[in-house]
Amino acid sequence: MKNLLLPVILLLTSFIVNAQEITQTIRGTVHDIDTKGPLISATVAAYQDSTLIKGTAVDANGDFRLEDLAVGRYHIHVAYLGYKGIVLPNIIVNSGKEVFLSIELEESSLGVIEVEVSVYKKKGESINEMTSVSSRMFSVEETERYAGSRGDPARMASNFAGVQGNDDSSNDIISRGNSPLGVLWRLEGVNIPNPNHFGVSGTTGGPVAILNNKLLSNSDFLTGAFPAEYGNSNAAVFDLKMRNGNNERTEGAFQWGFLGTEALVEGPFSKDGKSSYLFNYRYSTISIFHFLGIDIGTDATPRYQDASFKINLISKKSGYLSFFGIGGISDIEIIKSTLTDTADVGLYGDDEIDEYFGTKMGVLGMNYLKTLGDKSYMKLTLSTTYQNQHNLQQKIHRSIVNGEYVLNKLTNYVGYDFNLTNYSVSYFVNSKLSAKHLIKAGFMSDLTHVNLVDSIFQNIPDSSFHTRLQATDDFVLIQPYVQWTWRATDRLNFNTGIHGQILTLNGSTSLEPRLGMKWEFLPNNTLSAGIGMHSQMIPTYVYFAEMEDINGNTVAPNKDLDFQRSNHLVIGYNRYLNSNFRLKLETYYQALYNIPVTYYNSYYSLLNEGWDLNRFYPDSLTNSGTGANKGIEMTLEKFFNKGWFGMVTASLSDASYKGSNKITNTSIFNAGHVVNALGGKEFTWGKKNRTSFGIGSKVTWAGGRRYTPVDTMSSRINGYTVYFDSLTNSKQFRDYFRFDVKLNYKINTKKVTHEIGIDLVNLTGQENILKLVYTNGSSPTREVYQLGFLPIFYYKIDFSLKKRKS
């Protein structure tokens, strides 16, 4: 109770506010997006609605400063002669933290004229100017504003058209009918492993994100027809940027909530430089409760901790040097052998298995950026990443006596330890040949060292342990690319490029042309199109999975599998009904080929993997499968303005495939329809809007997941789950429905901002089916549901400690 009363006491205390007006500073930099050179004398102005509050000009170093701004929301207008202007909407100014904005402007193809407001960069457009379709910039505020997002970029993205959450207990996403295995995570220019706690090898999601939104800057999310700089993905791309720490003032933050207890500190390294540091650490709150003996309703306590940092060093002569990193450790013990109630079915794990599972993940990197004259710049990135998953599973042997379970014995069932270490170098040069022509060329090279061990107890053929995997190896994935942008006019752009992939593990190669177009044929009306070839590796451990051939020799039959490949076609229409309303339509077709399927006739396809947080060990595979994803998407969005926002997204889609039997079948990820409706309202009061209360909600309605009936007899004989191949994806759960609500209360005092909030996930307690439980026969005996009603609370405080002396 003391812990619960602390935020309330602090909030009540904060009502005793100083009569002095509470103000804060917005500052930042303005540069050319293509050369990174400063745009001296660019104008920066802060507006509230249509009222100009304060303005300034950029100095000789590219810096600007707007001081003594009352707390609240501002629209920041930036303009420069001969460049497209930009409006940054709804910049939140709190008392506890300065606002720093890194702004980049694009040169107008019309020459040195004063660009009209009508050709300003529009709200919601991608940061990456070489994207033409299926991309969107998202802000840190959106990860907090959307009900049910929990500060998680992946859960936030599930609100976008064509995207669906795969499972309430995990944040992996289904993009346009593609498996979550096809999602690429990129951080600070580095392709990173699964950035989530409890992430199983080969997957891209998990129950809790390691990525902390407090360290993120505005980032991009892409769902198809990617520019040439992105590779090794067929589904979607998160291109995430970390912000820099405050280089003038030491600031801190503390948050306590259901998902973790964390602390953040940032500030300058020296009194006279521009370098800064940023560091955050979090520990599982549930683990703290368990340690203190507080009952949380389960003994399967998830223990996790993570940390993130960025060090930014600036030298006018040498360029920009930064070091960054994220990392997390997690483990859990899911013990079912102590259960006595035969009706007790858990959300996590197998009811006949005791499981001891843990993961580790880390990223360390260095970025070096330097301008090359007035028209170009280069960027070099060096990094290393590490991931580990380890697991021990014990089979439960028990009987039922007087209606209760009685434990007979435990036997080891599965054990594995996966280790992947990656060393990466990437380099590119960006050159602006003229206001109309831009070229970007570079490469990424990843050296991966694998150390994999896995064994399982099998009843057939000899009731003994069999090694499924034992490998130590190294391989390199090389990805060169070149991109060219032609700005024919300020309203017509073409983006084209070529991406290459070379995998030394088995000699697989790929050459992938990409082409995109964006045409504003009428003011605020834009047509766009994108087409491209894409390819992707299968999960690394599948290459090394072992089997016995007909002669009894141990072989890795899938080591020579080629890339999975796809061709993307997207056509879009975007209309801004006014400065705050947007309608967006896209239709797409994805032709998938070279998909691994079995040699013998079956419905199996790798396209159906990734639907749960489990590894998979397929039979010998060959690249002869195909698939097709097609659909239409709609987004109607009201950007945050005058205290409220709203968004409705809807998609109708079809995802199908052909296995080795050449029969067209529906994909497990073929939901058919997904609709999201979300919105929120912010109320402010008090002197200069120091206090605010926000309420938001979200409704999701989607087609149920497809599933395959279990062959219970074969499963018992083999000791693992066996499905009826002829009935693959023939069944479908009832439609998915969820209603979320978010409430938050914020107050600004001098140099301190308090906020308390709660996310009410699945407020109506809807019973969305996760899986079916089979006992005897081919019919399921009961349903296991996804998360029920879950309140997720938090209290956070931002505070300013001191400002360096000039």
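The values are calculated or read from the model by the stated rules, or taken from the named source; none is laboratory data. What you see is a predicted model; the values in this text were computed from it and never measured. As a convention, Cβ positions derive from the backbone with ideal geometry for all residues, glycine included, and neighbour counts pool all protein chains shown. Note: accessible area is taken over every heavy atom of the protein model, side chains too, but ligands, DNA and RNA are not part of it. Shrake-Rupley method; radii C 1.70, N 1.55, O 1.52, S 1.80 Å.
Listed by first and then second residue, the pairs linking a residue in the range 646-666 that is closer than 14 Å to PHE160 by Cβ and open to solvent by 30 Å² or more (accessible area, probe 1.4 Å) to a residue that is among the small types (Gly, Ala, Ser) and part of a strand (DSSP E or B), with Cβ atoms under 7 Å apart and 6 or more places separating them unless they lie on different chains, are VAL648/ALA677; SER653/GLY631.
Matching residues to (1) open to solvent by less than 20 Å² (accessible area, probe 1.4 Å); (2) under 30 Å from ASN402 (Cα atoms); (3) in a strand (DSSP E or B):
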site	(1), (2), (3)
ASN246	yes, no, no
GLU251	yes, no, yes
ALA263	no, no, yes
LYS274	no, no, no
PHE289	no, no, no
ASP306	yes, no, yes
ILE311	no, no, yes
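Considering SER139, SER149, SER132, SER158, the condition of being on the phi < 0 side of the Ramachandran plot, in contact with a Lys or Arg (Cβ under 6 Å, 6 or more places away or on another chain) and open to solvent by 10 Å² or more (accessible area, probe 1.4 Å) is satisfied by SER132 alone.
You will find that of VAL363, VAL425, the residue that is closer than 30 Å to LEU452 by Cα, of a type outside the set (Asp, Glu) and open to solvent by less than 30 Å² (accessible area, probe 1.4 Å) is VAL363 and no other. Tell me whether the range 738-758 contains one or more residues that are among the acidic types (Asp, Glu), open to solvent by 70 Å² or more (accessible area, probe 1.4 Å) and more than 30 Å from SER660 (Cα to Cα). No, the range 738-758 contains no residue that is among the acidic types (Asp, Glu), open to solvent by 70 Å² or more (accessible area, probe 1.4 Å) and more than 30 Å from SER660 (Cα to Cα). Hey, could you check the range 553-578 for residues that are surrounded by fewer than 17 Cβ atoms within 10 Å (Cβ to Cβ) and of a type in the set (Ser, Thr, Tyr) and say which is farthest from THR223 (Cα to Cα)? Filtering the range 553-578 for residues that are surrounded by fewer than 17 Cβ atoms within 10 Å (Cβ to Cβ) and of a type in the set (Ser, Thr, Tyr), the one farthest from THR223 (Cα to Cα) comes out as THR554.
Among the listed residues ALA671, ALA628, ALA655, ALA650, identify the single one that is at pLDDT 95 or above and more than 25 Å from PHE563 (Cα to Cα).
Working: ALA671 fails: at pLDDT 95 or above; ALA628 fails: more than 25 Å from PHE563 (Cα to Cα); ALA655 fails: more than 25 Å from PHE563 (Cα to Cα).
None of the other options fit; the residue is ALA650.
Residues that are open to solvent by less than 10 Å² (accessible area, probe 1.4 Å) and either at pLDDT 95 or above or not polar (S, T, N, Q) (or both) within the range 205-222 comprise GLY205, GLY206, ILE210, LEU215, ASP220, PHE221, LEU222, listed in sequence order. GLY202 falls short on exactly one of the conditions (1) open to solvent by 20 Å² or more (accessible area, probe 1.4 Å); (2) in contact with a helix residue (DSSP H, G or I) (Cβ under 8 Å, 6 or more places away or on another chain); (3) not in a loop (DSSP other than H, G, I, E, B), and that condition is (3).
Which of the residues that make up the range 315-326 are open to solvent by 60 Å² or more (accessible area, probe 1.4 Å) and part of a strand (DSSP E or B)? Listed by number, the residues that qualify are TYR320, PHE323. Of the residues in the range 696-710, at least one is modelled with pLDDT under 95, of a type in the set (Lys, Arg) and either part of a strand (DSSP E or B) or within 30 Å of ASP619 (Cα to Cα) (or both).
Is it true that GLY765 is open to solvent by 20 Å² or more (accessible area, probe 1.4 Å) and in a loop (DSSP other than H, G, I, E, B)? Answer is yes for this residue. In the range 38-50, of all residues being small (Gly, Ala, Ser) and modelled with pLDDT of 90 or more, the one that is farthest from SER376 (Cα to Cα) corresponds to ALA46. Inspection of the range 496-519 identifies at least one residue that is of a type in the set (D, E, K, R), open to solvent by 50 Å² or more (accessible area, probe 1.4 Å), within 18 Å of VAL570 (Cα to Cα) and part of a strand (DSSP E or B).
With respect to PHE238, is the statement that it is among the hydrophobic types (A, V, I, L, M, F, W, C) and surrounded by fewer than 18 Cβ atoms within 10 Å (Cβ to Cβ) true? Taking the combined requirement at face value, the residue does not satisfy it. Among the residues of the range 468-493, the ones that are free of Cβ contacts under 8 Å to residues at least 60 places away in the same chain, more than 17 Å from ASN191 (Cβ to Cβ) and either surrounded by 17 or more Cβ atoms within 10 Å (Cβ to Cβ) or among the hydrophobic types (A, V, I, L, M, F, W, C) (or both) come to 3 in all.
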